[in-house]
Amino acid sequence: MDNKLILTLDGEIINEYGLNVEHISIGRKHGNDIQLNDLTVSGRHAMLSNSLPHQVFVEDLGSTNGTLVNGNHIKKTSLTHGDIIQIGHHQFTFLSDGEAKYEPTMFIKAEMDETQMVLPEWESREESIKGQPLAGLRTLNGPLARTVMELRKPFNTVGFQGHKLALISRGLNSYSISQVHSTNNRRGADKPLLNGETFGAAPLDLKEKDIINIAGFEVEFYYIH
């Protein structure tokens, strides 16, 4: 079996791991097969095992913050193609042998865009949004469907192949989206869409279940309850 784990952080692909051994340990300490430099990860956090033919299991090793699969805390469970394992701030996407391939350059990335604001505005918004409702983006199609990204930062950019296409701003009571204008030449098809319609630089409020299309990839905006 040529199963894989795709490690992502804040929507960016960090590494790829083949599951061609019987056990893979994940944790913060040295000696783990996959070591994560993340203070929210326990020393020995979780274990993946190929204990039965054609089946892969993930088990939480009594970690402080727990292990989630598709948003649910687990003790031990089997994995199916496309399952998302959350360990600390990191996510692992499980890809099964023979299923759809992925291309790292196709993955959507959300990040802080320092060019979109001045520092005083950043600091004031960073303080004011504490305790406000938190939202995220859920990927709906493509090889890494069901991957989720939390929009914790005051300003997040969403792009494709290194190009920033849209800015998502987090306000006191809502989120808004606006197009990022770039001097880079892009195909017309790369323009972001909101619920199938183009939008400009003027911010538009986002509502739960709004669909954002980035270069053919669809993500759903939702509030994390």
Counting sequence-distant residues (5 or more places) and residues on other chains, those with an amide H built under 5 Å from that of residue 14 are 7, 8, 9
The answer for residue 210, listing residues at least 5 apart or on another chain whose modeled amide H is closer than 5 Å to its amide H, is 221
Between residue 165 and residues 5 or more places away or on another chain, the pairs with built amide H atoms under 5 Å apart involve 158, 159, 160
Checked against a 26 Å limit on the C-alpha separation, the offending pairs among 153/207; 164/209; 4/164; 75/209 are 4/164; 75/209
For segment 2-45, dividing by residue count, accessible area per residue (probe 1.4 Å) in Å² works out to 54 Å²
The answer for the net charge of residues other than residue 74 whose Cβ lies under 10 angstrom from its Cβ, with Lys and Arg +1 and Asp and Glu -1, is 0
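The values are calculated or read from the model by the stated rules, or taken from the named source; none is laboratory data. Quick caveat, the model's predicted, so the values are computed rather than measured. Neighbour counts are summed over all protein chains in view; Cβ atoms, including those assigned to glycine, are modelled from backbone coordinates with ideal geometry. The protein model used for the area step is the full one, side chains on, heavy atoms only, and it has no ligands, DNA or RNA in it. Shrake-Rupley method; radii C 1.70, N 1.55, O 1.52, S 1.80 Å.
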